[in-house]
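The values are calculated or read from the model by the stated rules, or taken from the named source; none is laboratory data. This is a predicted model, so every value here is computed, not measured. Don't worry about glycine lacking a Cβ; one is built from the backbone with ideal geometry, like all the others, and counts go over all protein chains shown. SASA here: full protein model, heavy atoms, side chains in, ligands and nucleic acids out. Shrake-Rupley method; radii C 1.70, N 1.55, O 1.52, S 1.80 Å.
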Amino acid sequence: MNLKDKIIAFDIDGTLARNDAKPSTFTCETIKKLVNEGYHICLVTGRQWISSADIYQKCGLKEACVFCNGAFVYHPIKDVIIHEIKIPKEDVFYFVDNLELLDCVLDIMYEVEWDTYSLKGYPWNVNQINGDFHQNLKKEPCSLNIIAKSIDQQEKIKAIITSLKNYNYRYWNLQGEVYNAEFSKKEGLNHLLDYYHKTEDDLIFFGDASNDKSALMYAKYSVAMKNANDEIKKISRYVSDYTNEEDGAIRFLLKLIENEKILDDINPKSWTN
């Protein structure tokens, strides 16, 4: 078994990143070193590219990655879109014109290329364009970000979003993501693996949350974070010894590199999706 022949994929939030939404200097520097040694490391995240670019660059990554929960597979170095599923304009307008939804949110935002678009001007990112999406929406996004007025409003927001059967909504605290229900990180990873002429047998995936479930069940070598819930740990082949606050993902990867026989010694689980 040679880990340099594998695709090593990390979720960001709750996995690679600490609770401040950033990986530690130790994690970034270690990944950069491993990439330079020939390991193929990528990101598989609910975030859009613009929100992941800083981590991609600080970690010295060189591979294609999966963004928007599988809806956008992109190679930043080569500027190649491998796979893309967008939210149609009419659906974006359905959300931003829904008075019941607007009553629950502080703002609705989306990112396209290097620009951030905000409906109400909530401070979100640099290069932010504020105002009516009917005027500003030039290119269709792959996902939408929502900032709720209160945590109590999140389930109501979810019910409104999912009333359009094509969409899912996941949230943490005041922040939420609207994404295509027909696609998941598994589908995004399938496109990424095809691009590299690999299969799920060549995939090591690290995750922690419900939107990682499909990828954890898909990968032959799946690692749940110590901070993941019991359901996620149950479906994963391994559980990290440390949480995301303790650099658990990269420390577990270093453990695998130190003893690659760990991967050979355990019969892989057979998952059904």
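Just one of (1) in contact with a strand residue (DSSP E or B) (Cβ under 9 Å, 6 or more places away or on another chain); (2) outside any loop (DSSP other than H, G, I, E, B); (3) closer than 21 Å to Gln128 by Cα; (4) open to solvent by 20 Å² or more (accessible area, probe 1.4 Å) fails for Ser52. It is (4). Here Glu140 qualifies as of a type outside the set (Val, Ile, Thr) and assigned to a loop (DSSP other than H, G, I, E, B). Filter segment 8-32 down to the residues that are of a type in the set (D, E, K, R) and assigned to a strand (DSSP E or B) and list them by number. If the condition is that a residue be of a type in the set (D, E, K, R) and assigned to a strand (DSSP E or B), then Asp13 is the only one that fits. Within segment 33-46, identify whether any single residue is in contact (Cβ under 8 Å) with a residue 40 or more places away in the chain, farther than 23 Å from Lys186 by Cβ and part of a helix (DSSP H, G or I), and answer yes or no. Looking for residues that are in contact (Cβ under 8 Å) with a residue 40 or more places away in the chain, farther than 23 Å from Lys186 by Cβ and part of a helix (DSSP H, G or I), one finds at least one in segment 33-46, hence yes. Between Tyr221, Tyr195, the distinction of being open to solvent by 10 Å² or more (accessible area, probe 1.4 Å), aromatic (Phe, Trp, Tyr) and either at negative phi or under 19 Å from the mean Cα position of the chain (by Cα) (or both) belongs to Tyr195 only. Please indicate, with yes or no, whether at least one residue in segment 112-130 is touching a residue at least 40 places away in the same chain (Cβ under 8 Å), surrounded by fewer than 19 Cβ atoms within 10 Å (Cβ to Cβ) and more than 26 Å from Gly188 (Cβ to Cβ). Among the residues of segment 112-130, not one is touching a residue at least 40 places away in the same chain (Cβ under 8 Å), surrounded by fewer than 19 Cβ atoms within 10 Å (Cβ to Cβ) and more than 26 Å from Gly188 (Cβ to Cβ), which makes the answer no. Contact annotation: residue pairs with Cβ atoms under 6 Å, 6 or more positions apart or on different chains, pairing a residue in segment 1-19 that is at positive phi with a partner that is aliphatic (A, V, I, L, M) and open to solvent by 20 Å² or more (accessible area, probe 1.4 Å), are Gly14/Ala209.
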